Every structure is written in C-alpha cells, then in structure tokens.
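Let me begin by presenting the structure, written as structure tokens, before commenting on it.
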Amino acid sequence: MSFFNIPDIFHFGDFFRQGYESRYERKIGKDSRNIALLEPLEATLGKLEDIRFRIGSRIEKETASGTDMSQAVDLLRIADISLSDAEQAVAVATSTIDGPHPRPPYMESQAAYAALNQAKDTLNAVLDSITSAVDQASSSPRQLSQSHVKKPE
C-alpha cells in the first residue's frame, strides 16, 4: 500500500497510457461509428454464405431424387461469383480502417452493401429455379403405389 491507501497494482502511468491508446484508436478511425458500419456487412456476408451452403445441399438432394437441376446449378455458379465479389467488397471496406492511412469507410461500405444485395438477388434466383424445377417434376405424372391412393367411400 502506498501513502494514500492506493493499492500498488494501480499505477497512474497505466491509466494515462490506456486513455492515450483509446484516443489514438479513435484518431485512426477505429471508433464505434466505423465499427457499426462494418459489423453488419460481415454478419450479412456470413448469413449469405450459410444460405449458399443450404442451397447447395438442397440441389444435391433434389438431383439425387432425379429432378433436373441444371439451370439451378448454372445460377448457383453465378451466385458463387457474386458472393466472392461481395466478400472482396467487404474486405476492401474493412481495410480502409486497418490500412496505413485509415479513414471512414463510407463509400466502400455502400459498395459492399450493393454487392451483398446483388449476391442476395442471385441466391433468390437460384431458389426460384429450384422451386420451379421441383414444381415441374411434381406436376409430371408419376405412378403411385396403391397405398397412396385414397379409396372412395
């Protein structure tokens, strides 16, 4: 214990150094406004990648059941390209804060949002293609076993 009953673990130099570091981080652009711009971008990208994985497994399942998914596979390739474009746009927006000359990522975040919306639209087109292929396959006449046919009463 020191003279003023301040524990020895607390040093004023550490206190001031922490304050300086936070001011430095604010100065270089790592404040809450910039983080608030980038966190939704990364979260949305992660959700779109999860949706892409589920769409891929759905296409495999429908292909295994005999449904023609050639159009959906072609659209999924386009969706993969738009997802990689969105991933690059998010990386560019993030690099504006972490780079050697940090600045607010307003323009880059707008471009990333546009790329994410494009990826979302292409994934929706893939889903529409899957739905139409499944509907087309289910409307074609199939032979049902007798257990599926209701008997009139």
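The values are calculated or read from the model by the stated rules, or taken from the named source; none is laboratory data. Owing to the predicted nature of the structure, the values given are computational and were not obtained by experimental measurement. Heads up, the Cβs are rebuilt from the backbone with ideal geometry, glycines too, and the neighbour counts pull from every protein chain shown.
Per-structure values
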read-out	value
Residues satisfying the stated conditions in the range 38-59, i.e. under 29 Å from Ser138 (Cβ atoms) and surrounded by 15 or more Cβ atoms within 10 Å (Cβ to Cβ)	Leu48, Ile51, Arg52, Ile55, Gly56, Arg58, Ile59
Test for Ala115: is it surrounded by 10 or more Cβ atoms within 10 Å (Cβ to Cβ), modelled with pLDDT of 80 or more and over 30 Å from Ala89 (Cβ atoms)	no
Residues of the range 60-87 satisfying the condition of being of a type in the set (A, V, I, L, M, F, W, C), under 27 Å from Ser139 (Cα atoms), in contact (Cβ under 8 Å) with a residue 40 or more places away in the chain and assigned to a helix (DSSP H, G or I)	Ala72, Leu75, Leu76
Ile130 vs. criteria part of a helix (DSSP H, G or I), on the phi < 0 side of the Ramachandran plot and surrounded by fewer than 16 Cβ atoms within 10 Å (Cβ to Cβ)	no
